[in-house]
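Since the structure comes first, as structure tokens, the remarks are kept for the end.
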Amino acid sequence: MVFIALFALGLLCWLFSTISAGGAATIVLPILGFTAGVEIAVPSVALAAFMANPSRAWLFRQYIDWSVARWLIPGSLLGAVIGAYSFSLLDPQWLQVLLGLFLMSTALQFRFGKSKRSFKVKAPAFLPIGVLVSFSSGIVGGSGPVLNPFFLNYGTEKEALVATKAINSFAMQLCKLLVYASMGVLTQQVSSFGLALGAGAIVGTFLGKKHLLNINTQRFRLYTLIIMQIAGISLLIKAFIA
């Protein structure tokens, strides 16, 4: 029964994540953290995301923006290593609060969807951005939506945003899992939870593809703003309650 619930949770969260450019891990973490504990939730979600992202990257492979990815991926790998090793050493509460407030501020930054950009971003900036976001992800378990404002301000939309984040996240999650494995964090329970979530995530990704291709850019930006608000609230809940 637990694994069926995890499969359904993975399916629903990664379905919406596919059409709104991320947020699945950030939403799942407070739920799983509250029921199973943070030490189980963080590596389990990393495993699920690692399973889901190859299918997402493959489905949208022709849309990957390599001008961004070539800067973002190296930064993400470095940040993932530092963050994963810091997972058991740092208190994530303060970081969750900062990230949550930043995500919730995006509604004002983009004037509730009326503004296309709130600040300019150039491709080389994704190197330090990747380090910071992946470092945060290694500690709090998921911070993918934090990348969205930078992508939108760079001018990356819809399929290109989803595809580029997917290939980056795949590399980042692999790096995190290797570090977690070296630390002995990937227990049998973590692996079974992650596999159940990941199986649902793969199905959700395939179901979300058709809808993403059929919506316009304005609807996609609305979805993205909504997921950033939900992710921000989830991080604050995780910081103070879960």
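The values are calculated or read from the model by the stated rules, or taken from the named source; none is laboratory data. Please read these numbers as outputs of a predicted model, since none were measured by experiment. With ideal geometry, Cβ positions are generated from the backbone for all residues, glycine too; neighbour counts draw on all protein chains shown.
Within the range 100-141, how many residues are assigned to a loop (DSSP other than H, G, I, E, B) and either at pLDDT below 70 or of a type in the set (D, E, K, R) (or both)?
Let us first name the residues in the range 100-141 that are assigned to a loop (DSSP other than H, G, I, E, B), namely 110, 114-122, 141.
Restricting the remaining residues to those that are either at pLDDT below 70 or of a type in the set (D, E, K, R) (or both) gives 110, 114-117, 120, 122, 141.
Qualifying residue count, the range 100-141: 8.
For every residue, the table says whether it meets (1) within 17 Å of the chain's Cα centre (by Cα); (2) at pLDDT 85 or above; (3) surrounded by fewer than 24 Cβ atoms within 10 Å (Cβ to Cβ).
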| residue | (1), (2), (3) |
| --- | --- |
| L11 | yes, yes, yes |
| L29 | yes, no, no |
| A52 | yes, yes, no |
| R70 | no, yes, yes |
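Just give me the residues in the range 35-53 being closer than 11 Å to W14 by Cβ and touching a Lys or Arg at 6+ places or on another chain (Cβ under 7 Å), in sequence order.
If the condition is that a residue be closer than 11 Å to W14 by Cβ and touching a Lys or Arg at 6+ places or on another chain (Cβ under 7 Å), then no residue fits.
Answer with yes or no whether A84 is touching a Leu at 6+ places or on another chain (Cβ under 9 Å), part of a helix (DSSP H, G or I) and not β-branched (V, I, T).
Values: touching a Leu at 6+ places or on another chain (Cβ under 9 Å): yes; part of a helix (DSSP H, G or I): yes; not β-branched (V, I, T): yes.
Taking the combined requirement at face value, the residue satisfies it.
All but one of (1) among the aromatic types (F, W, Y); (2) surrounded by fewer than 21 Cβ atoms within 10 Å (Cβ to Cβ); (3) modelled with pLDDT of 90 or more hold for F151; state the number of the condition that does not hold.
Here F151 meets the rest and fails (2).
Taking G144 as the residue in question, decide whether it is under 20 Å from T26 (Cβ atoms) and modelled with pLDDT under 85. Give the steps one after another, and end with the answer.
On the way: under 20 Å from T26 (Cβ atoms): yes; modelled with pLDDT under 85: yes.
When the stated conditions are applied, G144 passes them.
Please go through (1) surrounded by 24 or more Cβ atoms within 10 Å (Cβ to Cβ); (2) over 18 Å from F206 (Cα atoms); (3) more than 15 Å from the chain's Cα centre (by Cα) for G75 and return the number of the only condition it doesn't satisfy.
Every condition holds for G75 apart from (1).
So which pairs qualify, if the first residue must be in the range 113-140 and under 13 Å from T156 (Cβ atoms) and surrounded by fewer than 17 Cβ atoms within 10 Å (Cβ to Cβ), the second must be at pLDDT below 85 and not aliphatic (A, V, I, L, M), the Cβ gap must be under 9 Å, and the two must be at least 6 apart or on different chains?
Note: pairs meeting the criteria are K116/F110; K116/R221; R117/F110.
When you go through (1) touching a Lys or Arg at 6+ places or on another chain (Cβ under 9 Å); (2) surrounded by 24 or more Cβ atoms within 10 Å (Cβ to Cβ) one by one for V81, which number turns out not to apply?
For V81, the failing item is (2).
How about the range 167-218: which of its residues are small (G, A, S), at pLDDT 90 or above and touching a helix residue (DSSP H, G or I) at 6+ places or on another chain (Cβ under 6 Å)?
Our first condition is that a residue be small (G, A, S); within the range 167-218, this holds for 169, 171, 181-182, 184, 191-192, 194, 196, 198-201, 204, 208.
Filter once more, so that each one left must be at pLDDT 90 or above: 191-192, 194, 196, 198-201, 204.
Residues satisfying the conditions are G194, A196, G198, A199, G200, A201, G204.
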